[in-house]
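Heads up: the structure comes next, in structure tokens.
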Amino acid sequence: MLGVAIALVFAAALAARFYVIEPRGAELVCSGLDAPGWCPIRTALVPVFGFQVFGVVSLIAGAVAVLRRRAAWGVLALVFGAAGMVLYNVEMASVGTILGLIAVTRLPRVAS
């Protein structure tokens, strides 16, 4: 189930990148008075990956997941890492994804 969720996030990020953010002339089309309906999404997404939000969230969630041994934070790191790697936040998103993978695949601590 986790793999399906990550694949869906990855596919959505790819679609946003290639159909909303990168098309030729998208900035010109969105600056016009009769801008298409997808322009608000583009206008919101560009600053988000410009400030490395996906990578930062993935890195923080991955660090919390490893330090606190919480798989839920690891899943969050994987999801934001998948989006971040597609949406131009490769460095921090990659580290966060690796930390998330470590947290999700780590065996639980045995109580002694």
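The values are calculated or read from the model by the stated rules, or taken from the named source; none is laboratory data. Note that the structure is a prediction, hence the values are computed from the model and not measured. Glycine gets a Cβ as well: all are built from the backbone with ideal geometry, and neighbour counts include every protein chain shown.
Put simply, of 14, 87, 78, 45 the only residue that is within 21 Å of residue 1 (Cα to Cα), among the hydrophobic types (A, V, I, L, M, F, W, C) and buried (at least 17 other Cβ atoms within 10 Å of the Cβ) is 78. Put simply, of 74, 84 the only residue that is outside any loop (DSSP other than H, G, I, E, B), in contact (Cβ under 8 Å) with a residue 24 or more places away in the chain and more than 26 Å from residue 108 (Cα to Cα) is 84.
Among the listed residues 93, 7, identify the single one that is within 17 Å of the chain's Cα centre (by Cα), modelled with pLDDT of 90 or more and buried (at least 22 other Cβ atoms within 10 Å of the Cβ).
Values: 7 fails: buried (at least 22 other Cβ atoms within 10 Å of the Cβ).
None of the others qualify; the one that does is 93.
Within the stretch 19-34, is there a residue that is within 24 Å of residue 97 (Cα to Cα), more than 13 Å from the chain's Cα centre (by Cα) and modelled with pLDDT of 90 or more? Among the residues of the stretch 19-34, not one is within 24 Å of residue 97 (Cα to Cα), more than 13 Å from the chain's Cα centre (by Cα) and modelled with pLDDT of 90 or more, which makes the answer no.
If I filter the stretch 53-66 for residues that are surrounded by fewer than 17 Cβ atoms within 10 Å (Cβ to Cβ) and either of a type outside the set (D, E, K, R) or out of contact with any Gly (no Cβ under 9 Å at 6 or more places or on another chain) (or both), do I get at least one hit? Quick ask: steps written out before the conclusion?
As a first pass, look at the stretch 53-66 and keep what is surrounded by fewer than 17 Cβ atoms within 10 Å (Cβ to Cβ): 56.
Subsequent filtering for residues that are either of a type outside the set (D, E, K, R) or out of contact with any Gly (no Cβ under 9 Å at 6 or more places or on another chain) (or both) retains 56.
The answer is yes, given that some residue of the stretch 53-66 is surrounded by fewer than 17 Cβ atoms within 10 Å (Cβ to Cβ) and either of a type outside the set (D, E, K, R) or out of contact with any Gly (no Cβ under 9 Å at 6 or more places or on another chain) (or both).
For the stretch 30-71, the candidate set comprises residues that are touching a residue at least 24 places away in the same chain (Cβ under 8 Å) and either assigned to a loop (DSSP other than H, G, I, E, B) or of a type in the set (Asp, Glu) (or both); within that set, the residue that is farthest from residue 17 (Cα to Cα) is 69.
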